[in-house]
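Novice: My structure is below; once you've seen it, I'll send some questions.
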Amino acid sequence: MNEFEGHTVYLTCIDNGETIDSAIIEKGSFKFKGEAEKTMMGSLRTFDEASNIQATSIIVIEKGKIHIDMKTDSLYGTPLNDAYNACLLKHNYKTSYKKLEQFLSEIKNADPVSRQALVEEYYKFQEEVFIPCAEATLKDLLQSNKSNPLGVYAARELASNKIMESQELENLMADTNSLFAKDVLLRKLLDEAR
């Protein structure tokens with residue numbers, strides 16, 4: 001994370017986009033301190049304007065000490081973050097995502113003649129490898145986390161990307177006491193799908 005040394009990293013709530021906390025990256029690390037009132041999904045992000053590089057990681061904000069390595073996009077130390085990281089590794093999501101980033105970097109730096117071939121390779125890789133990998137990861141997260149915010153996050157991603165059929169979403173939300181039924185965004189996605 002050396003390229004982000006001295007930059008600010010922001011912890012935001014995925015539900016409402018509000019910034020929960022921020023910290024300065026010093027000697028390659030940063031620290032947030034506080035108590036999680038409830039378990040929720042969050043996002044860590046930082047940006048280097050000079051190089052136009054952004055780093056973003058999804059995180060489960062929950063009680064416990066969470067360790068984050070944004071360079072390898074690894075998080076661990078609490079039950080849901082451990083489960084999330086294990087699922088990403090199981091489906092090779094991180095490797096596929098890094099390959100997409102590599103393509104984008106090569107495209108940006110390529111001469112016009114090479115650029116077209118790289119763009120075609122990028123779209124082929126995205127279609128044949130990355131999208132199936134992302135879908136499998138999200139479906140696994142949903143199946144394994146139906147009683148916590150990680151499952152709601154996966155359902156949102158599947159529904160908003162039109163991977164989940166409206167009937168499947170309706171079935172998830174049928175139990176009015178479930179986290180799914182109480183989620184405003186999922187309800188909106190279901191209404192749009194009908």
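Novice: I'm trying to understand the selection: among the residues of the range 8-20, which are surrounded by 16 or more Cβ atoms within 10 Å (Cβ to Cβ) and closer than 11 Å to residue 45 by Cα?
Specialist: 9, 10, 11, 12 - these are the residues of the range 8-20 that are surrounded by 16 or more Cβ atoms within 10 Å (Cβ to Cβ) and closer than 11 Å to residue 45 by Cα.
Novice: Name the single residue, out of those in the range 143-156 being within 15 Å of residue 86 (Cβ to Cβ) and over 13 Å from the mean Cα position of the chain (by Cα), that is most open to solvent (accessible area, probe 1.4 Å).
Specialist: Only one residue tops the list, namely 143.
Novice: Can you name the residue in the range 61-89 that is under 21 Å from residue 4 (Cβ atoms) and among the polar types (S, T, N, Q) and is also modelled with the lowest pLDDT among such residues?
Specialist: Top of the filtered list is 72.
Novice: Identify the residue in the range 162-194 that is basic (Lys, Arg) and modelled with pLDDT of 90 or more and, among all such residues, is most open to solvent (accessible area, probe 1.4 Å).
Specialist: Step one: list which residues in the range 162-194 are basic (Lys, Arg), which gives 162, 182, 187-188, 194.
Then keep just the ones that are modelled with pLDDT of 90 or more; that gives 162, 182, 187-188.
Values: 162: 153, 182: 135, 187: 116, 188: 116 Å².
Taking the candidates together, the pick is 162.
Novice: Any residue in the range 106-125 that's in a helix (DSSP H, G or I): show its pairings with residues that are of a type outside the set (A, V, I, L, M) and open to solvent by less than 100 Å² (accessible area, probe 1.4 Å) at Cβ separation under 7 Å, as long as the two are six or more apart or on different chains.
Specialist: 107/115; 107/122; 118/103; 118/106; 121/103; 122/103; 125/99; 125/103
Novice: Further question: Residue by residue through the range 102-135, note down the ones that are within 20 Å of residue 75 (Cα to Cα) and either out of contact with any Ser or Thr (no Cβ under 6 Å at 6 or more places or on another chain) or open to solvent by 40 Å² or more (accessible area, probe 1.4 Å) (or both). Walk me through how you get there before you give the answer.
Specialist: Quick first cut of the range 102-135, residues within 20 Å of residue 75 (Cα to Cα) only: 133-134.
The answer is 134, and nothing else.
Novice: Of everything in the range 11-30, what is closer than 19 Å to residue 72 by Cα and modelled with pLDDT under 90? Give them in sequence order.
Specialist: Scanning the range 11-30 gives 25, 26, 27, 28, 29, 30.
Novice: Could you name every one of the strands (runs of 3 or more DSSP E) located completely within the range 1-101 that has at least 2 residues being of a type in the set (Ser, Thr, Tyr) and farther than 22 Å from residue 145 by Cα?
Specialist: Working: elements: 8-13, 19-24, 40-48, 53-61, 67-69, 74-76.
In the range 1-101, 8-13, 19-24 are the strands (runs of 3 or more DSSP E) which contain 2 or more residues that are of a type in the set (Ser, Thr, Tyr) and farther than 22 Å from residue 145 by Cα.
Novice: For the range 1-27, name all the residues that are touching a residue at least 24 places away in the same chain (Cβ under 8 Å) and farther than 18 Å from residue 65 by Cβ. Step through it out loud before you land on a result.
Specialist: Within the range 1-27, the first condition is being touching a residue at least 24 places away in the same chain (Cβ under 8 Å), and the residues that meet it are 1-4, 7-15, 20, 25.
Residues satisfying the conditions are 1, 2, 3, 4, 7, 8, 10, 12, 13, 14, 15, 25.
Novice: Residue check: is residue 159 among the small types (Gly, Ala, Ser), assigned to a helix (DSSP H, G or I), more than 18 Å from residue 57 (Cβ to Cβ) and open to solvent by 30 Å² or more (accessible area, probe 1.4 Å)?
Specialist: Details: among the small types (Gly, Ala, Ser): yes; assigned to a helix (DSSP H, G or I): yes; more than 18 Å from residue 57 (Cβ to Cβ): yes; open to solvent by 30 Å² or more (accessible area, probe 1.4 Å): no.
No, not satisfied.
The values are calculated or read from the model by the stated rules, or taken from the named source; none is laboratory data. Bear in mind that the values here come from a model prediction, so they are computed numbers and not experimental data. Every residue, glycine as well, gets a Cβ built from its backbone with ideal geometry; the counts of neighbours run over all protein chains shown. All accessible areas refer to the heavy atoms of the entire protein, side chains included, with ligands and DNA or RNA removed. Shrake-Rupley method; radii C 1.70, N 1.55, O 1.52, S 1.80 Å.
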